[in-house]
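A.B. asks: Quick one: structure below, then a few questions.
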Amino acid sequence: MNTYATVVLAAGKGTRMRSTLPKVLHPLAGVPLLAHVLNAVEAIPSSLAFAPYAKSISSTRPIVVLGHGAGQVETTFGERCLYAIQEDQLGTGHALLAARNAVEKLEPLPEVVLVCYGDTPLVGSEILARVLVEHQERQATVTFLTAHTTLSSDFGRVVRDADGRVLEIVEVKRATEEQKRIDEVNSGVYCFDRSWLWPALEALPRNASGEFYLTDLIGIAGAQGGEIATVTGTLDEAIGINDRVQLAAAGKLLRQRILEQCMYAGVTIVDPDTTYIDAEVSIGSDSVILPGTMITGKSRIGSACQIGPGTTIDQSVIGNHCIIRNSVLEEAILEDEVHVGPFSHCRPGAYLARNVRMGNFAEVKNSYVGAETYMHHFSYLGDATVGEHVNIGAGTITCNFDGVRKNRTDIGDGAFIGSDTMLVAPVTVGEGARTGAGAVVNRDVPPGALVVGVPAHVLRMRQPVDVDGSAQDGSEKE
Ligand code: UD1
Ligand code: CA
């Protein structure tokens, strides 16, 4: 074996999911089922089991067999795979045959075809490599992965003779009561000798269910006297997702794995039972995740942060030493030492620079908030650019929507926005300017001015404000 090709079967309709979304696109820990399988396939060459062969055996891009929802799957994965189309879903044997042309076009031609299913997301690269290596060492016709379970399940059962030789795989639908009690099951990962595979698939009979079962190849290989090897893995990694109950069960197992990885990497998870972290999230060491927290998408969290309780963070980047309590962050960026919450909402495009304090029922959307700026209570910043050392008084609102357009608000460094100020955009508040409580600001405020009233007018020009935020006229920062 110099080259192996991997074929992932993903054409099935996924009827049991009762969904308009193709089964293999259903997310598990934030990543589509098929992506988990592809991750494992792509990691085979760097797995430990594969190390002795890594120099002598190469692989090509995986070939994914698509049918139901093919366009959607192809759009999701693009150049990452090669694709073959199975026009009618006539079973897993029929699906593999649909990949024949794609495999035969590969250069160099692979001697071995590794097959796995797009709906077994917990299969890992180590176990895939072990199946390949076993196949190589035993010079087998077929090698496949099994697992043991005494629970009732919809896995195919592995039937062996008295000497332990594999006779066939029997699907549950066609199994006798005695066969259903067999505790060794088919995990759905196979290696085939390529030159044997295609003629055998072509000769595969349609079974009583009207389908061509890939699993029937095992009995055929055995009857021909071919060598059948097996590798036994764990039941967890074999779990196949046929319905949403299995989706939730696999999600739970994967979540446990992710949380353990985080904990071993130095993250404290106070309550793993109520903490949800997606597969592509990264969290720095000494961060503490408090109960009731979901961190999803490709979020990145720095070290020594405190996140939660009751916090949702999606697709966001958070620096070091941040504290986020009882809040929701979506597509937001926070530099170091930012505090958010309790009960605040960073919406897409929120950028909070170093040491910003945003707390108590505040909302920021599509806005840059400069370093050391404080907005402690009940405020909304939308489509705004806020400088450094600004104080946003309680109840301040950027009135960014005029009913037709979204307009921008600019607030200069060191400005002091009094409580309950309405900033009617588009509007600019100059550096070091100040607005009185309850002002409705619908015209630009010059730097250093104090404006008051409804609508706001200049009461007087003030001395400039030092960058540390303290006004030189002695008034205190709120
Ligand atoms: C299959 C195995 C079963 C094994 C289990 C492990 C067969 C006949 N049975 O059962 O022995 O224990 O997986 O999870 O293989 N697919 C196609 N085209 C088709 C039909 C299916 O591409 O015409 C794809 C599906 O998208 C899916 C995979 O093949 O990703 C497996 O098909 P599925 O119907 O889920 O098989 P199981 O009933 O789970
Ligand atoms: Ca399945």
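A.B. asks: Counting just the residues of region 213-229 that are within 13 Å of ligand 1 (Cβ to nearest atom) and not in a loop (DSSP other than H, G, I, E, B), which one comes out farthest from Leu122 (Cα to Cα)?
C.D. replies: Gly219
A.B. asks: Let me ask something else. Could you say whether any residue in region 135-146 is more than 16 Å from ligand 2 (Cβ to nearest atom) and free of Cβ contacts under 8 Å to residues at least 60 places away in the same chain?
C.D. replies: Within region 135-146, one or more residues are more than 16 Å from ligand 2 (Cβ to nearest atom) and free of Cβ contacts under 8 Å to residues at least 60 places away in the same chain.
A.B. asks: Now for a different question. Is it true that some residue in region 349-371 is of a type outside the set (A, V, I, L, M), at pLDDT below 95, surrounded by fewer than 18 Cβ atoms within 10 Å (Cβ to Cβ) and assigned by TED's automatic domain parsing to the domain that holds Leu334?
C.D. replies: yes
A.B. asks: Tell me, which residue of region 2-15 that is within 11 Å of ligand 2 (Cβ to nearest atom) and modelled with pLDDT of 95 or more is farthest from Ala70 (Cα to Cα)?
C.D. replies: It comes out as Leu9.
A.B. asks: For Thr293, which of the numbered conditions (1) more than 16 Å from ligand 2 (Cβ to nearest atom); (2) within 19 Å of the chain's Cα centre (by Cα); (3) open to solvent by 70 Å² or more (accessible area, probe 1.4 Å) fails to hold?
C.D. replies: Among (1) more than 16 Å from ligand 2 (Cβ to nearest atom); (2) within 19 Å of the chain's Cα centre (by Cα); (3) open to solvent by 70 Å² or more (accessible area, probe 1.4 Å), Thr293 violates only (3).
A.B. asks: Based on what the data block shows, is Thr398 more than 24 Å from Tyr276 (Cβ to Cβ), modelled with pLDDT of 95 or more and touching a Phe, Trp or Tyr at 6+ places or on another chain (Cβ under 9 Å)?
C.D. replies: It is true that Thr398 is more than 24 Å from Tyr276 (Cβ to Cβ), modelled with pLDDT of 95 or more and touching a Phe, Trp or Tyr at 6+ places or on another chain (Cβ under 9 Å).
A.B. asks: Applying the selection to region 41-72, what residues are out of contact with any Pro (no Cβ under 8 Å at 6 or more places or on another chain) and within 16 Å of ligand 2 (Cβ to nearest atom)?
C.D. replies: Across region 41-72, the qualifying residues are Val64, Val65, Leu66, Gly67.
A.B. asks: I'm checking my understanding of the structure. Among residues of region 437-446 that are farther than 16 Å from Ala384 by Cα and surrounded by fewer than 19 Cβ atoms within 10 Å (Cβ to Cβ), which one is farthest from the chain's Cα centre (by Cα)?
C.D. replies: Restricting to residues being farther than 16 Å from Ala384 by Cα and surrounded by fewer than 19 Cβ atoms within 10 Å (Cβ to Cβ), the top hit is Pro446.
A.B. asks: Taking Ser316, is it surrounded by 20 or more Cβ atoms within 10 Å (Cβ to Cβ), over 23 Å from Glu372 (Cβ atoms), at pLDDT 95 or above and within 21 Å of the chain's Cα centre (by Cα)?
C.D. replies: Judged against the criteria, Ser316 is not a match.
A.B. asks: Of the residues Thr6, Thr20, which single one is within 16 Å of ligand 1 (Cβ to nearest atom) and open to solvent by 40 Å² or more (accessible area, probe 1.4 Å)?
C.D. replies: Every option except Thr20 fails the conditions.
A.B. asks: Looking only at helices (runs of 4 or more DSSP H) that fall completely inside region 1-105, which ones have 1 or more residues that are of a type in the set (A, V, I, L, M, F, W, C), farther than 27 Å from Asp314 by Cβ and in contact with an Asp or Glu (Cβ under 9 Å, 6 or more places away or on another chain)?
C.D. replies: Qualifying helices (runs of 4 or more DSSP H): 92-97.
A.B. asks: Restricting attention to region 388-418, which residues are more than 22 Å from Pro446 (Cβ to Cβ) and assigned to a loop (DSSP other than H, G, I, E, B)?
C.D. replies: Residues satisfying the conditions are Ala394, Gly395, Asp402, Gly403, Val404, Arg405.
A.B. asks: Now a separate question. Mind listing just one residue for me: the one in region 243-271 that is polar (S, T, N, Q) and within 13 Å of Leu28 (Cα to Cα) and, of those, farthest from ligand 1 (Cβ to nearest atom)?
C.D. replies: In this case the residue turns out to be Gln256.
A.B. asks: Something else: Please go through region 386-442 and pick out each residue that is among the basic types (Lys, Arg) and in contact (Cβ under 8 Å) with a residue 24 or more places away in the chain.
C.D. replies: Those that are among the basic types (Lys, Arg) and in contact (Cβ under 8 Å) with a residue 24 or more places away in the chain: Lys406, Arg408, Arg434.
A.B. asks: Answer yes or no as to whether Gly210 is open to solvent by less than 30 Å² (accessible area, probe 1.4 Å), more than 10 Å from ligand 1 (Cβ to nearest atom) and not assigned by TED's automatic domain parsing to the domain that holds Glu87.
C.D. replies: So Gly210 does not fit the description; no.
A.B. asks: So, in region 5-30, how many residues would count as being hydroxyl-bearing (Ser, Thr, Tyr) and touching a helix residue (DSSP H, G or I) at 6+ places or on another chain (Cβ under 6 Å)?
C.D. replies: The total comes to 1.
A.B. asks: May I pose another question? Identify the single condition in (1) open to solvent by 10 Å² or more (accessible area, probe 1.4 Å); (2) outside any strand (DSSP E or B) that Thr385 does not satisfy, given that it satisfies every other one.
C.D. replies: So Thr385 meets the others, but not (2).
A.B. asks: Quick check on this structure: which one of Val64, Val7, Val24, Val41 is in contact (Cβ under 8 Å) with a residue 24 or more places away in the chain and under 17 Å from the mean Cα position of the chain (by Cα)?
C.D. replies: Of Val64, Val7, Val24, Val41, the one residue that is in contact (Cβ under 8 Å) with a residue 24 or more places away in the chain and under 17 Å from the mean Cα position of the chain (by Cα) is Val24.
A.B. asks: Separate question: Going through region 346-382 one residue at a time, which ones are assigned to a loop (DSSP other than H, G, I, E, B) and of a type in the set (Asp, Glu)?
C.D. replies: Matches in region 346-382: Glu372 only.
A.B. asks: Could you pull out the residue among Leu204, Leu214 that is closer than 26 Å to Asp88 by Cβ, in contact (Cβ under 8 Å) with a residue 24 or more places away in the chain and within 15 Å of ligand 2 (Cβ to nearest atom)?
C.D. replies: Leu214
The values are calculated or read from the model by the stated rules, or taken from the named source; none is laboratory data. Bear in mind the structure is a predicted one, so any value in this text is a computation, not a measurement. Cβ atoms come from the backbone with ideal geometry, glycine included; neighbour counts cover every protein chain shown. The area values use the complete protein model at the heavy-atom level, side chains included, leaving out ligands, DNA and RNA. Shrake-Rupley method; radii C 1.70, N 1.55, O 1.52, S 1.80 Å.
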